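The values are calculated or read from the model by the stated rules, or taken from the named source; none is laboratory data. These numbers were taken from a predicted model, which means no experiment stands behind them. Here the Cβ positions follow ideal geometry from the backbone for every residue, glycine too, while neighbour counts run over all protein chains shown.
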Amino acid sequence: MDFDLSSEQLMWRDAVHDFVNREVKPRAAEVAESATFNWEATRKMGPLGLLGLNVPEEYGGTGLEAISAAIAIEELGWACGSTALAIAAHNGLGCAPIANFGSAELKSRFLPNVVSGKGQLAALALTEPGAGSDLKGGIKTRAVRDGDDWVINGAKMWTTNASIADFIVTLVRTDSAGGSRSLSLIVVPTNLVGLSIGPAEKKMGLMGSPTHAVSYQDVRVPAANLVGEEGRGLSYTLETLDGGRIGIGALSVGLARAALEESLRYARERETFGSPIASYQAIQWMLADAATEIEAARLMVFNAAFHKLNGRPFAKQAAMAKLFATEAAERICRNAIQIHGGYGYSREFPVERIYRDARLMTIGEGTSEIQRLVIARSLLDEPSA
Ligand SMILES: Cc1cc2nc3c(=O)[nH]c(=O)nc-3n(C[C@H](O)[C@H](O)[C@H](O)COP(=O)(O)OP(=O)(O)OC[C@H]3O[C@@H](n4cnc5c(N)ncnc54)[C@H](O)[C@@H]3O)c2cc1C
């Protein structure tokens, strides 16, 4: 990687790499096979700063700039897709809206415990059984004000970390009139009466990252758990997703890097027709394309992060980075299996798992189609030359 990272960023990358290489990568196959979350490593992530990437230091976080945060998520993705998704969702989805839009009181009540590694994690529930891409029109979960409480009723779907979270930041409709000012975000502690978390979803991959349906039946939450202002939930959500997309792009770069490393190792060792398969141009081209796409994807992730850390608009850059990095990762992981031949299709080799993990990335936090929509809208809104 030749991008001009500062010495602090390089030291951070090395520290995270060293940690995940010891604590996360060796258990990646096991957590996927047994569908268990790697709590042992996660507990140690608190002191290292991996659980409070976007959280200011006064609330126990690391308060990192966006490039260093992306570096950490790439390293986690390189080590284990499941663990990386849980930690990316914790930081980018669960903690970020409170850190960015919550009151000081809300931050001090909810963030220190989840960033320390002593508590559980954080989650964000946007998607519902009938609404994913179309949040503005489709959200049916409702919060009604009753005295000093909000009373929440509804159902969420696909909530990453729901069963291992202290709280779920929940997107709700607070005004029946509809429109962009009718949605709000509310922090819902997971121990409240009326909140139930369904069994872990049976997924194609990422088995060590628990995903659940969540239902809310007359869940009473103090009014003070509202994030920021009532009616601004959609804009807070879209801004949160812009940041989350940099994370998913970085995670995809990490997955692709791991798949390329496995492919290089295998291509050097495996012989056919008396020569290592690495000597054949057909294999070399797949390796060359993979390395090229990884470099391009990482630069796009860093570019989006650079816009973010400089306070510039970054929605288009984040959408482009997510679109390119996730689709490149899928191609690279597909070709990694091709390079491994029949063994690539076996659970004995990591590329099979990495491929299944990578498949989610073009869907979660906005599908590729939605990224193209965001990019096209941004282009069409720009004044013509
Ligand atoms: C493992 C996993 C973890 C997840 N974690 C979370 C989480 O933590 N929190 C959370 O809230 N959600 C989470 N999700 C949900 C995820 O964000 C949604 O699945 C995703 O946004 C797509 O929504 P949907 O599934 O409802 O698909 P739909 O919105 O129904 O889309 C179906 C298809 O139609 C396409 N489409 C939709 N609208 C358009 C359009 N206008 N133009 C062109 N094409 C369109 C989509 O691209 C897609 O191909 C997770 C999902 C999975 C699988």
Check: Restricting to helices (runs of 4 or more DSSP H) lying wholly in the range 1-55: which have 3 or more residues that are free of Cβ contacts under 8 Å to residues at least 60 places away in the same chain and over 26 Å from Gly205 (Cα atoms)?
Finding: 7-23
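Among the residues of the range 87-126, write down those that are closer than 17 Å to Ile246 by Cβ and within 16 Å of the ligand (Cβ to nearest atom).
Quick first cut of the range 87-126, residues closer than 17 Å to Ile246 by Cβ only: 87-97, 99-100, 124.
Listed by number, the residues that qualify are Ile87, Ala88, Ala89, His90, Asn91, Gly92, Leu93, Gly94, Cys95, Ala96, Pro97, Leu124.
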Margin query: For Ala131, only one of the following conditions fails: (1) surrounded by fewer than 17 Cβ atoms within 10 Å (Cβ to Cβ); (2) modelled with pLDDT under 95. What is its number?
Written below: (1)
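Being among the small types (Gly, Ala, Ser) and either out of contact with any strand residue (DSSP E or B) (no Cβ under 8 Å at 6 or more places or on another chain) or within 15 Å of the ligand (Cβ to nearest atom) (or both) is the filter here; which residues of the range 205-240 pass it? Write out each step before concluding.
As a first pass, look at the range 205-240 and keep what is among the small types (Gly, Ala, Ser): 205, 208-209, 213, 215, 223-224, 228, 231, 233, 235.
Matches in the range 205-240: Gly205, Gly208, Ser209, Ala213, Ser215, Ala224, Gly233, Ser235.
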Note to self: Which condition from (1) part of a helix (DSSP H, G or I); (2) surrounded by fewer than 24 Cβ atoms within 10 Å (Cβ to Cβ); (3) not acidic (Asp, Glu) is the one that Gly63 breaks?
What the structure shows: (1)
Check: Consider Arg257 against the criteria (1) more than 14 Å from the ligand (Cβ to nearest atom); (2) within 20 Å of the chain's Cα centre (by Cα); (3) farther than 21 Å from Ile363 by Cα: it satisfies all of them except one. Which criterion is unmet?
Finding: (3)
Next item on the list: Give, as residue ranges, the strands (runs of 3 or more DSSP E) completely inside the range 127-178 that count at least 1 residues that are within 12 Å of the ligand (Cβ to nearest atom).
Entry: 149-160, 165-173
